[in-house]
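Notes follow the structure.
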Amino acid sequence: MQSVSNIEPSCFQTLSLSAFPGFADGMELTQRFTFNPKVGIDNPALVTTDDAEMGCRPVPRLCRLCRSEGESFGFYLRMELGCAGHVIRQVEPWSVAERSGLRDGDRLLEINGDFVDHMEHNKIVQKIHASGLQVSFLVLEGSDFERARGQGVDLRTLAREHGGGEQGARPRLFHVTRDHQDGLGFTIAAAEGSKGRFSLVVTSGGPAEKVGVRTGDRLIWINGNHVADLTHCAVNKMLKKCGDGVTLLVLDSESEERYRKRGIVVVPAMAREHNLPHRPRKLYLVKGPAGYGFLLGQERLPSGRIAHFLREVDPDSPAERAGMQDGDRLLAVNGDPVEGLEHEDIVTRVRKSGQQVTLTAIDSRGSEFYSQLGLTPLLFFEDSEPNTPLQAETPALTTPPVETLQEPQAPLAKPRLCHLEKGNAGFGFNLRSILDEPGTFIGQVAQGSPAEKAELREGDVVLEVNGVNVESEYIEDVVGKVKEGGSRLTVLVLGPVEYRQYKQSGTPITATLAVSKQVEKPEASSKSFL
């Protein structure tokens, strides 16, 4: 059996290679060779296979992925039967992943400079999600990876050599609280001759120095914003508006130069040292006669993202005794992150947990703090505790190989029936498809549009338009059916992963299975008593 993680795949686009000058389908690039009388014929074709394999050391590639808010990376990360390492699969055409140079079959060696080949699959996926909008991968082509392992090459050493030796110190993430006398305790100076590079000058004994900021530190990021594209004036204005405190990502100048030469974008997820003021906590609940005693609600954050909150905690209930507070934001169920999951999926996970469940949550102030920074509250949360204190003395079990794991069959997710009413700028989404093939996908969804409010998502597979099945129709026909509906539109959609699950199971997809999503839904769109 294989373990698969979808790293927010984007939909396919209606583009072909021939649309770009210099590219053509089936084109191969041939390496040019020359004759050097001192060395001999420099022709790769004259080198025997054995000589090439023994003498050519595999060379990893650095891929930098940078996506916009709401955009996807566009690939899958898998562990496969009979295939070593963490495998990159299904790189979507024209996605962020493909543009970065990722290829099907690549093996992942490093994430943001951290060696990960030895790590558990779920931990790697969490690490990618925690990186936010930017992440750097060091990868090795599949055949090179297998050959390197067969020759006993130390992959960690190989990765380090590719970066030119040690990469330097880790960045540090600090929250500096303003003092009524000393202020923040630092000023920002522009580095000479370097646009977008700033150094900090720290006041002795001030708030910044007390938390660990040092004079000469390079400023990388401030309150959720990278400073590389900002002017000195813009950074200082941002500092003046920061209120009672500011969150900084800093790095010593020598290490910053090393990261820059390696081409690694420094992000908060790389920090090892931090003093962020709010921390998630684990809640251990044992079900009582009336359940757990709380309401799970799906709500929209100020950023527009969907999050899940714990509400209406019953007095003296298992939830209250576990320390749950009204307004806590749910982050994980039994150690598995739930950010980005549907309300129904989370309810199913809690109910399948039986008579006890472990929830990871953060209070409302902490949720607001991380939302303003654009970070996940799980960024530095180490889930090293057992899932329930009742299991604390259970001996550790040896994890079987990935191919022998038997995962429980989760119920199929329900399709979504989205009702839209055209606004001044239209419905707020576009359609895409694979070139010259039937089947249509949701492309970009405009923020604040009727499409976003109806919970249409990038990559959704379009099943029906205004009650008519369009799975086997071409994009031109689907667009025509959308226009025929005038100012009102009803679309039956399903996420790409869930769509494949339905097809594999042979279960027909119909509107009778759907969860209705109305534009005029209340702020708390889904609620379940647990």
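The table that follows gives values for the structure above.
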| read-out | value |
| --- | --- |
| Whole-Hz couplings from phi, Karplus 6.51/-1.76/1.60, listed for segment 120-130; x for Gly and Pro | 5, 4, 5, 5, 5, 4, 4, 5, 5, 4, 5 |
| Share of carbon and sulfur in the accessible heavy-atom surface of segment 453-497 [1.4 Å probe, %] | 49 |
| Karplus 3J(HN,Hα) series, Hz, for segment 239-247 with 6.51 cos²θ - 1.76 cosθ + 1.60 (x for Gly, Pro) | 5, 5, 8, 6, x, 7, x, 9, 10 |
| Amide H contacts under 5 Å for Gly485, placed H, 5+ residues apart | none |
| Charge dipole magnitude, Cβ of K and R +1, D and E -1 - segment 193-308, Cα centre, debye nearest 20 | 280 |
| Rg(Cα) / (2.2 N^0.38 Å) computed for segment 241-293, rounded to two decimals | 2.02 |
| By average C-beta atoms within 10 angstrom, highest first, the peptides 80-86, 447-453 | 447-453, 80-86 |
| Assigned charges on the beta-carbon of Lys, Arg, Asp, Glu; segment 162-261 dipole about Cα centre (debye) | 240 |
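The values are calculated or read from the model by the stated rules, or taken from the named source; none is laboratory data. Everything numeric here is computed off the predicted structure, so don't read it as measured data. Backbone-built Cβ (ideal geometry, glycine too); neighbour counts: all protein chains shown. Calculation scope for accessible area: heavy atoms of the full protein, side chains included, ligands and nucleic acids excluded. Shrake-Rupley method; radii C 1.70, N 1.55, O 1.52, S 1.80 Å.
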